[in-house]
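Trainee: Dropping the structure in here first, questions after.
The values are calculated or read from the model by the stated rules, or taken from the named source; none is laboratory data. Here the structure is a predicted model, which means the values were calculated and not measured. We place every Cβ from the backbone using ideal geometry, glycine too, and count neighbours over all the protein chains shown. Side chains are part of the model used for accessible areas, which takes the heavy atoms of the whole protein and leaves out ligands, DNA and RNA. Shrake-Rupley method; radii C 1.70, N 1.55, O 1.52, S 1.80 Å.
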Amino acid sequence: MTTPAETTGNSEGTSPQPDETPVRGLWRQGVEVFCENRLALVGLAMFVVLAAVCFLGPLFYHTDQVHTDLAAVHLSPGTDGHPLGTDGVGYDQLGRLMLGGQTSIIVGLAAGILATVVGTVWGAIAGFAGGWVDAAMMRLVDAMMSIPSLFLFMLLAAIVTPSVSMLIVIIGAFAWLGPARLVRGEALSLRSREYIQAMRSMGGTGGRAVRRHIIPNAIGTVIVNATFQVADAILYVAYLSFLGLGVPPPAANWGGMLSDGLADTFSGHWWLLYPPGIAIILIVLAFNFIGDGLRDAFEVRLRRR
């Protein structure tokens, strides 16, 4: 026969709370599924290596990326301590690659996060509100998506002076349209759930529903889409810089290096073209692989929930 004291002792044991164990188990399952995706691990490793080279490399490999050196123009790789050679004004190509990678990664991450945040909030409000609010908000999205985004980027970049912060704002100002449509679809399916209706019947506001229920339950879609948004933002930076609308010298980014290298390729200076081109391909592939792995992980977590 169990005494009240024994019952109390068992209930106050050190075992995890019932509502904590499933959550930890779901996260563990998601991590396991992500780790089973070899391409996702390869993408994560590629991004870590590229980020380390770009941000930590200059601490060990010191180069002058401000002053030109016309006596060291177009040196081939391996000449006079230049592993990747020099460009048309004497800049060390490896140091330039690191500096350009910092700009590309910072702009890509910041613009991708900005687009994801704006698109998530916009889509969640539109989908949850419904009616004329949803119609008005999404017609604006449709109207903006009907205009080629690259044309808008080029127009704004030509009007304002390009800088790192300005590129982030320009790309983020139009890249949020895709996430808005995705989250709006999630919100339309979530707003009719029982727990949303129960919260509203108890006096809960629409803002609380969006903050505490709609966005958290769409977080899987949001995170996966964010990785693709970062990859797209890096490509947009490369597009604009390739067309001469990137950050002005002595700042650098991979798109601008690619544009400069293309003009010198016909002169036999191949080392000015291939390194930035390969770097752009690798980092875009890395984020796409990571996004695929995250999508599999969240699908498994949601399916087993």
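Trainee: Could you please state how large a percent of the accessible area of the range 256-301 is carbon and sulfur, counting protein chains only and using a 1.4 Å probe? Present the calculation step by step, with values, prior to reporting the outcome.
Mentor: Numbers: 1380 of 2040 Å².
Carbon and sulfur: 68 percent of the exposed surface of the range 256-301.
Trainee: Give the accessible surface of the range 15-169 per residue, rounded to a whole number of Å², with probe radius 1.4 Å and ligands, DNA and RNA excluded. Before the final figure, lay out each step's value.
Mentor: On the way: 8380 Å² over 155 residues.
Heavy-atom accessible area per residue stands at 54 Å².
Trainee: If you line up the Cα atoms of the range 225-305 on their principal axes, what length do they span on each, largest first, in Å?
Mentor: Cα spread of the range 225-305 along its principal axes, largest to smallest: 59, 24, 16 Å.
Trainee: If you take every residue apart from GLY123 with its C-beta less than 9 Å away from the C-beta of GLY123, what net charge results, scoring Lys and Arg +1 and Asp and Glu -1?
Mentor: On the way: positive: ARG181, ARG184; negative: GLU186.
Its environment carries a net charge of +1.
Trainee: Sorted by accessible area with a 1.4 angstrom probe, largest first, how do TRP254, TRP132, TRP270 fall?
Mentor: Working: TRP254 5, TRP132 200, TRP270 135 Å².
In descending accessible area the options line up as TRP132, TRP270, TRP254.
Trainee: How high is the FRET efficiency from VAL49 to THR265, r the C-beta distance, R0 22 Å, rounded to 0.05?
Mentor: It comes to 0.25.
Trainee: Summing Lys, Arg as +1 and Asp, Glu as -1, what charge do residues with Cβ under 12 Å from the Cβ of PRO58 carry, PRO58 excluded?
Mentor: -1
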